[in-house]
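This report concerns only the one structure given below.
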Amino acid sequence: MRKIILLTLLILISCTSSVDKNCLSSGMEAVQIEWGYITSANSSKYYRLYTNNLVEIYKNNDAEFNRIDTLSITKVEMCDLVNKTTNLFFKIQSLNVPADSNNFIIYYNKKTGVQLRALWNPLHNNMGNKEFKELYENFMSAVLEKESRK
């Protein structure tokens with residue numbers, strides 16, 4: 001019994017320490033995720049998350065995007081968002097619902113050359129966009145609180 005408890009404790013310690021050191025699987029260090037909105041009036045704002053916990057904020061001015069701010073999120077938030085996005089794109093590999101106004105999430109992995117995009121009308125709840133809308137809200141809540149503190 002003592003050996004089982006010791007083994008269980010050892011496994012728990014090794015699992016938690018490895019998650020803390022590197023929460024992303026191999027090959028994920030080159031991932032970037034963009035999310036934001038686009039309107040038919042060419043108004044848009046988007047965010048770009050890097051795996052170093054930085055989020056860049058871009059806004060368009062006369063069809064040109066300019067970075068307007070950079071902020072930092074926690075490693076736990078970054079890991080959670082990257083892993084949720086990766087898993088959701090594995091589950092739903094394509095979503096394209098063009099409308100006058102769209103929300104989007106784009107997944108890039110520069111190391112593997114993978115680029116995936118989801119585009120949906122934020123006014124509707126369909127079977128395909130429900131999970132992307134929830135993920136979008138996760139992204140927004142990770143940055144809006146930090147943006148408002150600046």
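Every read-out reported here was derived from the displayed coordinates using simple, explicitly stated rules and does not represent laboratory data. Note that the structure is predicted; figures quoted are calculated from it, not measured. Quick reminder, even Gly has a Cβ in these numbers, built from the backbone with ideal geometry, and neighbours come from all protein chains shown.
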Check your understanding: What whole number of Å gives the distance from the Cα centroid of segment 27-76 to the Cα centroid of segment 89-147?
Key -> 13 Å
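In whole Å and largest first, what semi-axes does the C-alpha gyration tensor of segment 23-149 yield when each eigenvalue is scaled by 5 and square-rooted?
Values: eigenvalues 89, 72, 39 Å².
Ellipsoid semi-axes (Å, largest first): 21, 19, 14.
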Practice item. Give the Debye-formula value of log10 I(q)/I(0) at each listed q (0.20, 0.21, 0.28 Å⁻¹), with one equal scatterer per alpha carbon of segment 110-150, two decimals each. Key: -0.77, -0.79, -0.91
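Which of ASP80, ASP100 has the fewest other C-beta atoms within 10 Å, and how do the rest follow up to the most?
Working: ASP80 15, ASP100 10.
With the fewest neighbours first, ASP80, ASP100 line up as ASP100, ASP80.
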Review point. If the cut-off is a Cα-Cα distance under 16 Å, which aspartates and glutamates reach LYS146, setting aside same-chain residues fewer than 8 apart in sequence?
Key: GLU56, ASP69, GLU77, GLU137
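For segment 23-149, with only Lys/Arg (+1) and Asp/Glu (-1) charged at the beta-carbon, what is the dipole magnitude about the Cα centre, in debye rounded to 20? Mind showing how you got there, number by number?
Working: 14 positive and 14 negative charges, 54 e Å.
Using only the charged Cβ atoms, the result is roughly 260 debye.
Please find the FRET efficiency linking GLU147 to LYS110, where r is the Cβ-Cβ separation and R0 is fixed at 30 Å, and quote it to the nearest 0.05. Walk me through the numbers on the way to the answer.
Working: r = 26 Å, r/R0 = 0.86.
Taking R0 as 30 Å, the efficiency between GLU147 and LYS110 is 0.70.
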Check your understanding: Once Lys and Arg get +1 and Asp and Glu get -1 on their Cβ, which of ASN103, ASN42, SER148 lies farthest toward the positive end of the dipole of segment 23-149?
Key -> ASN103
Exercise for review: Can you tell me the FRET efficiency between VAL97 and ASN60 if r is taken as the Cβ-Cβ distance and R0 is 22 Å, rounded to the nearest 0.05?
Suggested key: 0.55
